[in-house]
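Engineer: Please find one structure pasted underneath; my questions will follow.
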Amino acid sequence: MSRNPAPRFHMVSLGCPKNWIDSELVVGSLLQQGYTPVPSPQEAELILVNTCAFIQEAKEEAIQTVLEMAAWKETGRCKHLVVIGCLPQRYGRELLELMPEVDLFVGSGEIPRLLGHLSSIEAGGARSCHLSGTRYLLEDEGALVRPVMGPSAYLRLAEGCSNRCSYCAVPLIRGPLRSRSQEAVLEEARRLAEKGVQEVILVAQDTTAFGVDQGGRSRLPELIEALERVEGLRWIRLMYVHPAGVNERLIETLSRTKKLCPYLDLPVQHISPRILKEMNRRVGPQEIRGCIDMLREAIPGIHLRTSIIVGFPGETQEEFLELMDFVRETRFEWLGGFLYSREEGTAASKLPAQVPKKVARGRLAKLLRLQKQITTENLERWVGRETTVLVEKQGRGCLLARGSFQAPEIDGAVRIKKGKAPLGSFASVRITAVRGYDLEGVLLSLS
């Protein structure tokens, strides 16, 4: 008796790079079982949505996306809709009643057992929701194999977080900090390099906390030194660097690591001393400014990205203007601005003097206008200069590439209008123009 072919599936991944890694691991496990990926939900018998539930905006996006995918059960081929990740992990079985369109909910802690739950509903089992504690380290689950999706790959150092910033729901969803072993991270980096990955992007909720739960101190400097020796890797990029974890030892390591991109993601969140204290950020404005000064002195030409929260409880107009002055003076190359989101279960949700949404939205608009001007001026300095880029994919009438000063998805691209280069190759380009947050250039040579 012949076995029915495994269905075609479509994966939608929402949220941060850590979620993207989870999605890649799920895709890998489905591929191992013979499932076939398709680019459009219209073609899929199985649709999976990996959700984020970090802030209100992310929850709204997740719900809207799930409803959009559910429509394919009526108009497409979809037989089963599966929602995984942070939304079910946070809200659990109440989603069964709220979202009857969904056949299976799997929380973050149950992802290693997704295939078993999937088999049950495919065999005619009832709708269900599966939750467990988030104590796993997904990459270290032996049954999960991560496919290579291009010349760059995120490399997760740890899961969860123990910083307890007062506004943040991540510890409630993902649990406390659990660092991977250094050898496990290095082994994954070697596997990725052997499969053609040339850039690894180090991520965690706080990359400077790597190893703190295993020995009381950060082991990030030793890890970076070891990654430098991995053959085949050409770029190492460091994201989610908590200012409180930046010290002379880390900066010295960064300054002499030749493969390290001159780029750092340094979320400062605010500059008001009162707000930083209320946020439980463990640093004040003096430490933040000192950290930035040390980085720029030790690594000339470094590009800094940051994140800012506007509208934190009690934020006064004077504190907002102080923040604007700080951004104007510091001139971050890249900046992500966010409205404060009042999240149940967090310490900040209980603070008085919640800022009205209309006021907070107005402040965010002003901040983003200021940063757009700064970013444009910074990008214009590239015109006429030559730089090395990583060619990633074919765009409309151009090749899409990134420089070492650009992280994937969030920092724009370099559009190569003239010249041809293989995808996954490094090339030398001359920058000719600025187009929004992107640069345009012409190919000079492969490098």
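Engineer: Which helices (runs of 4 or more DSSP H) does region 37-112 wholly contain that include 3 or more residues that are closer than 28 Å to residue 176 by Cα and at pLDDT below 95?
Structural biologist: 56-70, 86-91, 94-98
Engineer: While we're here: Taking residue 415 as meeting all but one of (1) charged (D, E, K, R); (2) surrounded by fewer than 15 Cβ atoms within 10 Å (Cβ to Cβ); (3) touching an Asp or Glu at 6+ places or on another chain (Cβ under 8 Å), write down the number of the exception.
Structural biologist: So residue 415 meets the others, but not (2).
Engineer: For residue 192, work out the one condition from (1) surrounded by 19 or more Cβ atoms within 10 Å (Cβ to Cβ); (2) at pLDDT below 95; (3) within 30 Å of residue 283 (Cα to Cα) it doesn't fulfil.
Structural biologist: Going through the list (1) surrounded by 19 or more Cβ atoms within 10 Å (Cβ to Cβ); (2) at pLDDT below 95; (3) within 30 Å of residue 283 (Cα to Cα), residue 192 breaks only (3).
Engineer: Report, by residue number, each residue of region 253-267 that is of a type in the set (D, E, K, R) and free of Cβ contacts under 8 Å to residues at least 60 places away in the same chain.
Structural biologist: 256, 258, 259
Engineer: Taking residue 374 and the conditions (1) aliphatic (A, V, I, L, M); (2) over 20 Å from residue 167 (Cβ atoms); (3) in contact with a helix residue (DSSP H, G or I) (Cβ under 7 Å, 6 or more places away or on another chain), which numbered condition does it fall short on, given that it satisfies the others?
Structural biologist: Unmet condition: (3).
Engineer: Which residue out of 71, 44 is of a type outside the set (S, T, N, Q) and touching a residue at least 24 places away in the same chain (Cβ under 8 Å)?
Structural biologist: 44
Engineer: Out of everything in region 407-424 that is touching a residue at least 60 places away in the same chain (Cβ under 8 Å) and either out of contact with any Pro (no Cβ under 6 Å at 6 or more places or on another chain) or of a type in the set (A, V, I, L, M, F, W, C) (or both), what residue ends up being farthest from residue 18 (Cα to Cα)?
Structural biologist: Here the residue is 423.
Engineer: Identify, please: which residue in region 290-332 is in contact with a strand residue (DSSP E or B) (Cβ under 7 Å, 6 or more places away or on another chain) and surrounded by fewer than 18 Cβ atoms within 10 Å (Cβ to Cβ) and is, among those, modelled with the highest pLDDT?
Structural biologist: The extreme case among them is 307.
Engineer: Of all residues in region 1-36 being among the basic types (Lys, Arg) and modelled with pLDDT under 90, which is nearest to the chain's Cα centre (by Cα)?
Structural biologist: Ranking the qualifying residues of region 1-36, first place goes to 18.
Engineer: Something else: Got at least one residue in region 120-136 being over 19 Å from the mean Cα position of the chain (by Cα), crowded, with 23+ Cβ neighbours inside 10 Å and either among the hydrophobic types (A, V, I, L, M, F, W, C) or modelled with pLDDT under 90 (or both)?
Structural biologist: no
Engineer: Hey, does region 389-403 have a residue that's of a type in the set (Gly, Ala, Ser) and surrounded by 15 or more Cβ atoms within 10 Å (Cβ to Cβ)?
Structural biologist: Yes - at least one qualifying residue is present in region 389-403.
Engineer: Here's something else I'd like to know. Among the candidates 94, 57, 110, which residue alone is free of Cβ contacts under 8 Å to residues at least 40 places away in the same chain and surrounded by fewer than 20 Cβ atoms within 10 Å (Cβ to Cβ)?
Structural biologist: Sole residue among the options that is free of Cβ contacts under 8 Å to residues at least 40 places away in the same chain and surrounded by fewer than 20 Cβ atoms within 10 Å (Cβ to Cβ): 94.
Engineer: Moving to a separate point now. If a residue has to be of a type in the set (Gly, Ala, Ser), over 19 Å from residue 260 (Cα atoms) and either assigned by TED's automatic domain parsing to the domain that holds residue 201 or outside any loop (DSSP other than H, G, I, E, B) (or both) to count, how many in region 407-436 make the cut?
Structural biologist: Matching residues across region 407-436 total 1.
Engineer: Given the criterion over 24 Å from the mean Cα position of the chain (by Cα) and at pLDDT below 95, identify the matching residue among 397, 412, 384, 424.
Structural biologist: Residue meeting the stated conditions: 397.
Engineer: Another one. Looking for something at pLDDT 95 or above, outside the structural domain of residue 165 (by TED's automatic domain parsing), hydroxyl-bearing (Ser, Thr, Tyr) and within 18 Å of residue 303 (Cβ to Cβ) - is there at least one such residue anywhere in region 363-377?
Structural biologist: yes
The values are calculated or read from the model by the stated rules, or taken from the named source; none is laboratory data. For clarity, every value in this text was computed on a predicted model and none was experimentally measured. Counting neighbours? That spans all protein chains shown, and the Cβs are built from the backbone with ideal geometry, glycine included.
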